[in-house]
Every structure is written in C-alpha cells, then in structure tokens.
Amino acid sequence: MDRDVEKKLSEKAAEVEEILKENLPKEDGYADEVVSAINYSLLAGGKRLRPVMMLEAFRLFAGEDADISVVKPFATALEMIHTYSLVHDDLPAMDNDEYRRGRKTTHAVYGAGMATLAGDGLLNLAFETAISGAIRGKELVYYDGDCSNRYLEALSILGKKAGIKGMVGGQCADIMAENASGVPEDKMKDILHYIDENKTGALIECSLMIGALLAGAGKKEVDLMEKAGSNVGIAFQIQDDILDITSTQEELGKPIGSDEKNNKSTYVSLYGMDNAKAKVKELSEEAEAILQELGFGDSFLAGLFEYLIYRKK
C-alpha cells in the first residue's frame with residue numbers, strides 16, 4: 001500500500017511540477033535576480049503535498065476526468081505561498097537553515113536580502129496567479145456559503161489560511177514560544193496546538209477546501225474537508241517533530257535536531273515520543289473517517305493520509 005501511494009504521489013507531484021513550470025515568471029529586466037531566486041525556490045522539488053491534495057479533492061467531487069483548468073491557478077498559488085514560507089523560515093533571522101530538500105537554501109545561494117525579496121515576490125505572485133485564474137475561469141455554479149461566488153470564496157480562503165488568522169499567525173506563535181520560560185505546561189500545550197493547527201494545518205485545510213469548493217461541493221462538504229485538513233496538518237507537524245529527532249540529514253534532506261537547538265517546544269518534548277506517535281495515528285484515522293463519510297474512503301487521498309503517518313522524510 002505504502003509503495004503504491006508513494007508511486008502515485010510521485011506521479012502526481014510530477015503533474016504539479018509541470019503546472020508550476022507553466023506559471024514561472026521570466027528572468028529578464030532589472031528584476032531578473034529576484035526572479036531567478038523565485039524560480040530556484042519554486043523548483044526545489046519536494047512532495048508537492050498541498051497542490052496534490054487540492055487537485056485530488058477537486059477530482060473527488062468533480063470526477064476523475066474533470067477539467068482541472070479551474071483549479072490549476074489556485075494549486076499553483078498555494079505552492080507559491082508554501083514556498084515563500086519555507087524561504088523565509090530558512091533565513092538567518094528565523095531558523096537559519098542552509099539546506100532544504102537536499103540542496104542549499106535560497107538565502108545560502110542568493111543572500112538574505114534577495115531571499116527575503118524572493119519570498120515577498122512569491123506571496124504576491126501567488127495572488128496574481130489565483131486572481132487571474134478567477135477572472136479567466138469558466139462560470140461555476142452557485143455556492144451555498146457566505147459568498148455565492150466560488151472564485152471569491154476560494155480567494156477568501158486562500159488569504160485567510162495564509163494570513164494572520166492562519167499560517168502567519170501560527171509562525172508568530174512559534175517564534176514567541178521559542179526560549180519561553182515560566183510558561184505553565186497546560187498553556188504551552190494550548191500554544192503548541194495553535195501553532196500546529198495554523199503554521200502547518202492551515203495550508204492543508206486550504207488545499208482540501210478550495211479543491212472541493214471549485215469542484216462544486218456544498219458548504220457542509222467544504223467544512224468537512226476543512227476538519228480533515230486540520231487533523232492531517234496537525235498530524236503532519238507532529239510527524240515532522242518526530243523525524244527531527246529520529247531521522248538523518250541524508251534521509252530528511254535538511255539538518256536534524258533543529259528543534260532542540262532552537263529550544264522549541266514540540267509535541268514530542270511535551271507529551272513524549274510514544275504519545276506523539278499515537279496522536280499522529282489518531283488524527284490521521286479521524287481524517288480518514290471523514291473521507292469515509294463523504295464516500296471517498298477508497299480514494300488515493302485516503303491512502304495519502306495514511307501514508308503520511310509512516311513517512312520518513
């Protein structure tokens with residue numbers, strides 16, 4: 001099962017790679033250096049989990065043979081947002097990592113100033129890409145949520161999940177929690193849940209919600225996909241914390257032990273390794289149960305959720 005999922009994920013990541021290449025900015029003019037840094041960052045490889053999940057959610061609700069042109073700009077935008085967050089995370093002022101996905105980080109190649117601009121450029125380019133897709137996309141059916149226009153609702157989800165009530169808010173709490181002293185354990189556990197829910201979970205929620213939304217799903221179904229994404233996001237982050245202790249730099253593609261080096265509280269440090277592993281399994285199974293409820297229990301997406309429990313990198 002794991003090998004099948006891994007093979008399919010690799011194939012689907014290759015599909016995303018081609019979509020990204022279609023949307024790369026041209027390296028010309030006086031901004032060519034920052035565009036070069038953007039393209040270096042965006043083509044650094046990786047599993048492309050978030051856009052893969054968005055495309056899969058879309059196909060589940062719209063049909064396997066559905067035209068994905070509607071969702072492609074949003075999948076591209078989401079990966080641009082995820083990439084900008086990694087570029088900024090790696091900066092000397094943040095985690096100060098020199099390797100990401102097995103190669104030099106953007107700031108290690110282009111310098112901290114240009115890497116900062118590359119991250120800024122990626123974030124703005126993400127919304128340029130998504131807005132362009134919304135303007136040019138085919139007409140979609142009425143949505144029964146707060147906004148009846150599915151494109152506007154998708155843009156709203158993208159902005160919220162990437163912003164101060166989502167990923168950026170989670171990253172803020174993560175920085176504030178570093179080297180925090182005198183914080184009661186119960187409060188630290190609440191803070192950690194907030195960090196995992198937002199820093200990692202928000203963009204996974206976003207991927208599943210927008211995929212379902214643009215495919216024609218109703219609000220109830222979109223809300224269920226948000227819950228599944230929350231569970232998977234938190235489980236994914238806990239697994240990341242586990243791998244930071246148990247993996248190797250060669251296997252992980254980035255330095256290990258950075259959480260301990262940066263004095264970060266993690267699920268492992270607060271609950272212990274066994275409880276952390278059990279929580280990953282529990283959260284992933286709950287997410288799979290939601291897919292069962294929606295009739296997608298035998299889908300690739302369900303297999304992907306399970307696969308994430310056992311990932312080694």
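What follows is calculated from the coordinates using simple rules that are stated; it is not laboratory data. These numbers were taken from a predicted model, which means no experiment stands behind them. Quick reminder, even Gly has a Cβ in these numbers, built from the backbone with ideal geometry, and neighbours come from all protein chains shown.
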(request) Return the long-range amide H neighbours of Y99 (sequence gap of 5 or more, or a different chain), with a cut-off of under 5 Å between placed amide H atoms. (result) T105
(request) Run the numbers on the chain and let me know its relative contact order in percent, using alpha-carbon pairs under 8 Å that are six or more apart. (result) 19 percent
(message) Report the gain in length on full extension from M273 to E64: 0.36 nm times residue separation, minus Cα-Cα distance, nm rounded to one decimal.
(response) 71.3 nm
(request) List every DSSP H helix in the chain whose Cα atoms extend 24 Å or more along the helix's own long axis and whose mean Kyte-Doolittle hydropathy is at least 0.0. (result) 72-89, 112-136
(request) Determine the sum of side-chain charges near S230: Lys and Arg each +1, Asp and Glu each -1, restricted to other residues whose C-beta is under 9 angstrom from that of S230. (result) -2
(request) Taking only Cα atoms and a 10 Å spring cutoff, compute GNM fluctuations for the chain and point out the largest among A202, A215, A112. (result) A112
(message) Which of the three applies to segment 2-310, rounded, prolate or oblate, going by the alpha-carbon gyration tensor with a ≥ b ≥ c and a/c under 1.5 meaning rounded?
(response) oblate
(message) Through the Karplus equation 6.51 cos²θ - 1.76 cosθ + 1.60, θ set to phi - 60°, convert the phi angles of segment 266-272 into ³J(HN,Hα) values in whole Hz; use x for Gly and Pro.
(response) 10, 4, 5, 5, 8, 10, x
(message) What distance in nm separates the two pseudo spin-label positions at E33 and E185, each 7 Å out from Cα along the beta-carbon direction?
(response) 5.1 nm
(message) How would segment 6-106 be classified by its alpha-carbon gyration tensor: rounded, prolate or oblate, with rounded meaning a/c under 1.5 and the a/b versus b/c comparison settling the rest?
(response) prolate
(request) Calculate, in nm to one decimal, what D144 and E17 gain on full extension: separation in residues at 0.36 nm each, minus their alpha carbon distance. (result) 42.4 nm
